[in-house]
Amino acid sequence: MIVIPAIDLRGGRCVRLRQGDPAQETQYDADPVARAKQFVADGAKHLHVVDLDGALGKGENLDALRAICRAIEVPVQTGGGIRSREDVAKRLKLGAAAVTVGTMLVESPEESRKIVEEFADRIVGSVDARGNRVAVRGWQQEVESTRDELIATLAIWGVQRVVYTEIARDGTGAGFDLAALRHVASLTPMRITASGGAKTVDDVRRLRERMPPNVDAVIIGRALYEGTIVLRDAVSAAA
């Protein structure tokens with residue numbers, strides 16, 4: 001299992017939101033590049049960079065993304081505010097190895113399918129849900145499409161990996177929703193990246209031990225910033 005540290009950008013800083021709520025923000029680093037370098041020094045083989053301003057429709061953090069991609073030698077997957085093919089191409093040009101697409105999957109399905117066909121494994125589906133209800137636009141709006149329906153659609157399109165986030169767990173340190181993850185993994189042969197809820201190394205260890213093989217990566221954010229998980233320990237537990 002691969003451990004992927006998260007860098008969430010808002011106003012050029014590293015922040016974390018509780019359950020995606022912009023009003024529940026904790027600020028951490030003014031220098032996201034330094035944080036990215038430290039994650040790599042501590043054993044990260046991939047990074048997950050989210051543009052929260054883009055997701056919330058309040059601007060972009062493209063300069064910070066470019067700087068991170070130039071400063072490190074590991075693959076960066078990035079998302080937040082992806083609404084068109086041009087948004088995908090722009091982030092790949094900035095140096096990202098892959099782009100996560102969420103809102104667009106629901107709001108522009110035909111264009112999303114074409115993007116998957118064009119960019120193949122450089123497109124990662126982002127399925128963010130409260131139970132079986134999918135949320136978009138920075139998790140501020142729920143839609144009619146269900147989690148299970150969306151995952152089935154992505155499998156038909158040929159998406160190879162999905163980041164699945166249980167919003168109710170994100171930023172809470174309550175641990176992963178193992179039952180939900182197991183259910184999601186049973187729906188598809190796609191590879192699943194678990195996100196939302198990690199607080200201790202035991203959470204990572206349980207994920208590795210109890211999930212089917214296609215749940216093969218985990219994103220960790222707040223726990224790394226607050227020191228309840230040491231990255232090197234998480235990498236070791238996941239392996």
- Given the residues GLN141, GLN77, which is the only one that is touching a His at 6+ places or on another chain (Cβ under 6 Å) and not aromatic (Phe, Trp, Tyr)? GLN77
- Members of segment 208-235 found to be under 18 Å from GLY196 (Cβ atoms) and either of a type in the set (Gly, Ala, Ser) or part of a strand (DSSP E or B) (or both), listed by number: VAL215, ASP216, ALA217, VAL218, ILE219, ILE220, GLY221, ALA223, ALA234
- Task: With the checklist (1) exposed (fewer than 15 other Cβ atoms within 10 Å of the Cβ); (2) of a type outside the set (A, V, I, L, M, F, W, C); (3) not in a helix (DSSP H, G or I) in hand, flag the one item GLY81 doesn't pass.
- Result: (1)
- Note on the structure: Of the listed residues (ILE115, ILE68), the one being in a helix (DSSP H, G or I) and within 24 Å of THR26 (Cα to Cα) is ILE68
- Query: Out of VAL49, VAL88, VAL74, which single residue is at pLDDT 95 or above, buried (at least 23 other Cβ atoms within 10 Å of the Cβ), more than 23 Å from VAL143 (Cβ to Cβ) and within 17 Å of the chain's Cα centre (by Cα)?
  - Reply: VAL49
- Take segment 24-45 and flag every residue that is touching a residue at least 40 places away in the same chain (Cβ under 8 Å) and over 20 Å from ARG10 (Cβ atoms). ASP42, GLY43, ALA44, LYS45
- Item | Complete set of residues in segment 195-204 that are buried (at least 17 other Cβ atoms within 10 Å of the Cβ) and among the acidic types (Asp, Glu) | ASP203
- Query: Which residue pairs have Cβ atoms closer than 8 Å, lie 6 or more positions apart in sequence or on different chains, and pair a first residue in segment 85-106 that is closer than 17 Å to ALA64 by Cα with a second residue that is of a type in the set (Phe, Trp, Tyr) and not in a strand (DSSP E or B)?
  - Reply: VAL88/PHE119; LEU92/PHE119; VAL99/PHE119
- Looking at segment 73-86, is at least one residue more than 18 Å from ARG191 (Cα to Cα) and of a type in the set (A, V, I, L, M, F, W, C)? yes
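Confirm whether THR100 is in a strand (DSSP E or B), under 22 Å from ILE4 (Cα atoms) and modelled with pLDDT of 95 or more.
Working: in a strand (DSSP E or B): yes; under 22 Å from ILE4 (Cα atoms): yes; modelled with pLDDT of 95 or more: yes.
For THR100, the condition - in a strand (DSSP E or B), under 22 Å from ILE4 (Cα atoms) and modelled with pLDDT of 95 or more - is met.
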- In segment 205-239, what count of residues is obtained for those that are under 15 Å from ALA179 (Cα atoms), touching a helix residue (DSSP H, G or I) at 6+ places or on another chain (Cβ under 7 Å) and either hydrophobic (A, V, I, L, M, F, W, C) or crowded, with 19+ Cβ neighbours inside 10 Å (or both)? 2
- In segment 180-207, the residues that are under 18 Å from the mean Cα position of the chain (by Cα), at pLDDT below 95 and part of a loop (DSSP other than H, G, I, E, B): GLY196, GLY197, ALA198, LYS199
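The values are calculated or read from the model by the stated rules, or taken from the named source; none is laboratory data. Source: prediction; values computed, not measured. Heads up, the Cβs are rebuilt from the backbone with ideal geometry, glycines too, and the neighbour counts pull from every protein chain shown.
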